[in-house]
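*Asks:* The structure is given below, and queries will be raised subsequently.
Just so it is clear, none of the values below were taken in a lab; they were calculated from the coordinates. The structure displayed is predicted, hence computed values, not measured ones. Using ideal geometry, Cβ is built from the backbone for each residue, glycine included, and neighbour counts are taken over all protein chains shown.
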Amino acid sequence: AEDVALLLSESRRCREILAGLDRHGDESSASPFARLPLTALIETAAEPCRKDGVTIYYESGPALGIHESPEPLVAHSAEIVHGLGSIIENAVQFAHSEVSIATSWTPKEVEVTISDDGPGFPAHILAVIGEPYVSSRKGTSGHMGLGLFIAQTLLERTGGVVSFGNGIRGAVVTVRWPRSALESDATWAEKGADSGAKMETAETGV
């Protein structure tokens, strides 16, 4: 009975996530030519995750050794907002007092690292984190691990690669994209007037 109740709860959660993605997708498609700095998109993802007693710190700039590289300008992506938001929310829930979001870029790659000062990921599940029904909280809060699975799936759809690990003080999640993958949607939008098919791709975000 408990397993069935958990499955029903998680299926409702999945429906809510899909409905939210559809809603945000409609909002972003209303202005397919709009671009915004990547850090602004990340702050949009983090804003709903704020929690009393936990401070979110931001750090951004070109990667070490890269002196001249402008910040990527990207199209609004509901997948990125929800994917990063789920990871940030997870970090905030486990943090003792702080979460750090570091964003860096080169002419070819973009990296976002989310870390917290909590207990970190248990060693025995590190190899399978991101798979469905794998969670360090299973048995305590009824969480079945679908949140990180869905986040990873959404971010991979945008061209990202997600890795999980532990730092000196807590959990560390890193997302890397080829810079071209993040900027391509915006490029398609700019060229949309010349191609109906490309405009449709920019509007749907797929």
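*Asks:* Sort 101-108, 168-175, 87-94 by packing, meaning the average of other beta carbons within 10 Å per residue, with the highest value first.
*Replies:* Most protected by this proxy first, the peptides run 87-94, 168-175, 101-108.
*Asks:* With unit charges on the beta carbon (Lys/Arg positive, Asp/Glu negative), name the residue among S104, F94, P119 whose Cα is farthest towards the positive pole of the charge dipole of region 76-119.
*Replies:* S104
*Asks:* Starting from the Cα-Cα distance between A1 and L73, subtract it from 0.36 nm times their residue separation and give me the gain in nm to one decimal.
*Replies:* Result for the pair: 21.1 nm of gain on full extension.
*Asks:* On to the next question. On alpha carbon coordinates alone, what is the Rg over Rh value for region 27-97, Rh being the Kirkwood radius?
*Replies:* Dividing the radius of gyration by the Kirkwood radius yields 1.03.
*Asks:* I've got another one for you. How big is the C-alpha Rg of region 34-183 next to the rule-of-thumb value 2.2 N^0.38 Å, as a ratio?
*Replies:* 1.01
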